[in-house]
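Report on the following structure.
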Amino acid sequence: MMKKIKDMIPDSIYLKMRFKKSMGYSLNLKEPKTFNEKLQWLKLYNRNPEYTTMVDKYAVKKYISEKIGAEYIIPTLGVWNCFDEIDFDALPDQFVLKCTHDSGGLVVCRDKSSLDMDAARKKIETSLSNNFYYMGREWPYKNVPHRIIAEQYMADDLRDYKLFCFDGVPRMTLVCSERFTKDGLKEDFYDEAWNHLNVQRPAHGNAILPIQRPKQYELMKKLAAKLSEKMPFARIDFYEINEKVYFGEITFYPASGFEGFKPEEWDLKLGEWIKLPTGGTD
């Protein structure tokens, strides 16, 4: 009952309440200044219908293929509407299952013979039953069809290269590494010349050793610029596997705009890089 009541709260009111609780200061939609404030503004007032295709993990593959080329797409092994439709016998020994409509509905299978089928079912079916939009009012997800895809397993311990783009210009890159290690995810920010930046998100520390600049970093920046053109902000994610670039995802609201930075001044600095379109109101 409480969940249904919460879901009925208008987006602007919900975002103000959650922002205050998460960030510790009030959300100013009339004159937003910080990165996280501006992400909330963009949720409410920058509603390009094409964004729904871009966050759909299945539909975006066609979009990316047409925009930059099919060679950057991780191969899809199948798409289904529910867990019981999946023909596991037809899948290879290694694969990745993803829900197309959310963030986190993920099962990585490194050995099909040892896959915990009950745990996989529970995770996927739980994700399928949720509308990711209601968690942070990220409207592009609201009408994405709830489906499951299987993708080719690409490599162990993949690093994510997440390029923060502002009006089509990549300004900084977040590298996520050691995701499946004992010590957990590490995050490092680099500028466009691959200088390590003194900024962190509170939940994750830096990698112990410096992250080497990916060999195809210039190509990543070129592709990210093309994919993010005419967008106030977009984060374009890539992988580099055997010196080849693969597209990961497009994200419009990292951490749903509810996670700060250390030091805090970076929230303002990144906010200055977002030039909001005209329009919008509190």
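Coordinate-derived values only; no laboratory data. For clarity, every value in this text was computed on a predicted model and none was experimentally measured. As a convention, Cβ positions derive from the backbone with ideal geometry for all residues, glycine included, and neighbour counts pool all protein chains shown.
Figures for the structure shown
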quantity	calculated
Highest to lowest packing among 100-108, 208-216, scored as the average C-beta count within 10 Å	100-108, 208-216
Shape category assigned to region 172-282 from the gyration tensor of Cα positions, a/c cut at 1.5	oblate
Lys pairs under 17 Å by Cα in region 75-153, provided they are eight or more residues apart or on distinct chains	5
Euclidean distance of C-alpha centroids, region 199-230 and region 1-62, integer Å	24 Å
Order by protection proxy (mean Cβ within 10 Å, highest first), peptides 225-233, 22-30, 190-198	225-233, 22-30, 190-198
Cα-based reach from LYS30 at 12 Å (exclusive), listing aspartates and glutamates while leaving out same-chain residues under 8 positions away	ASP282
